[in-house]
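For reference, the structure is listed below as structure tokens.
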Amino acid sequence: MFGRKKIEDAAPAAEEDVPAGKGRPTPRRRDAEARNKRPLVPTDRRAARREQRAKYAEARERMNQAMVTGDDQHMPAQHRGPVRRYLRDFVDARWNLGEMFLPIAALIVLIMLSASFLPIPPDVVLIAFYSLYIVVFIALADAIILAVRLRKRARVKFGTDRVGRGVLMYVVMRAFQLRRTRLPKPQVTRGSFPS
């Protein structure tokens, strides 16, 4: 109503007479839109699902390999970066009391369970029960002190803005894991602390 009147028959003749700068006529809008349309749902869903599963499996394999080799580029986001590598290397270089928690706890639970069918005095069971709590508190205190000291060292080395949140929990959780079961795998030997 308010626009120009479209003359569709005259447009192709005008386009053919005057060569465009790009060597071809500008495509019509509906033709360009039709060319760019893709179905939201693929025509062969099974093949698309297989392809997507293969892509995810490849990404998972690459991530698992990075967790073993220490490749920072393909690691999950929570383990990536020089700050996290520094924290991991420092925790892996020292003996942590938290590492001993699981074996000691398994031994104490075994003593407590075997008291029902073996002649173990009740005092030994009670001492084992309280010693489990003592081991937990000592290992937790050691891990928290380590985490606070490491956060200070990392802030001095990398700057306050690079050392983000979650450092304390990251260090504590790594200190409580057995060295063989840690992921990413330890990249340093015991006693070789990062500078």
Close pairs from the stretch 92-104: first in contact (Cβ under 8 Å) with a residue 40 or more places away in the chain, partner small (Gly, Ala, Ser) and in a helix (DSSP H, G or I), Cβ under 7 Å, at least 6 apart: 96/143; 96/175; 97/139; 98/139; 98/143; 98/175; 101/139
Residue satisfying condition, being of a type in the set (Gly, Ala, Ser) and out of contact with any Asp or Glu (no Cβ under 8 Å at 6 or more places or on another chain), within set 59, 66: 59
Residue among 175, 139, 147 that is in contact with an Asp or Glu (Cβ under 9 Å, 6 or more places away or on another chain), more than 24 Å from residue 69 (Cα to Cα) and surrounded by 13 or more Cβ atoms within 10 Å (Cβ to Cβ): 139
Pair list, Cβ < 6 Å and 6+ apart or interchain, from the stretch 56-76 residues that are closer than 20 Å to residue 186 by Cβ to residues that are part of a helix (DSSP H, G or I) and small (Gly, Ala, Ser): 74/66; 75/66
Cβ pairs under 8 Å, 6+ apart, first in the stretch 156-167 and over 19 Å from residue 194 (Cα atoms), second in a helix (DSSP H, G or I) and of a type outside the set (Val, Ile, Thr): 166/78
Top-ranked residue of the stretch 93-104 - restricted to ones that are part of a helix (DSSP H, G or I) and out of contact with any helix residue (DSSP H, G or I) (no Cβ under 8 Å at 6 or more places or on another chain), ranked as most open to solvent (accessible area, probe 1.4 Å): 102
Residue list for the stretch 63-86, restricted to those being assigned to a helix (DSSP H, G or I), open to solvent by less than 50 Å² (accessible area, probe 1.4 Å) and farther than 14 Å from residue 183 by Cβ: 83, 86
Selection from the stretch 105-136 of residues that are in contact with a Leu (Cβ under 9 Å, 6 or more places away or on another chain) and open to solvent by 60 Å² or more (accessible area, probe 1.4 Å): 109, 112
Lone unmet requirement of (1) part of a helix (DSSP H, G or I); (2) open to solvent by 30 Å² or more (accessible area, probe 1.4 Å); (3) among the aromatic types (Phe, Trp, Tyr) for residue 90: (2)
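The values are calculated or read from the model by the stated rules, or taken from the named source; none is laboratory data. This is a predicted model, so every value here is computed, not measured. Using ideal geometry, Cβ is built from the backbone for each residue, glycine included, and neighbour counts are taken over all protein chains shown. Note: accessible area is taken over every heavy atom of the protein model, side chains too, but ligands, DNA and RNA are not part of it. Shrake-Rupley method; radii C 1.70, N 1.55, O 1.52, S 1.80 Å.
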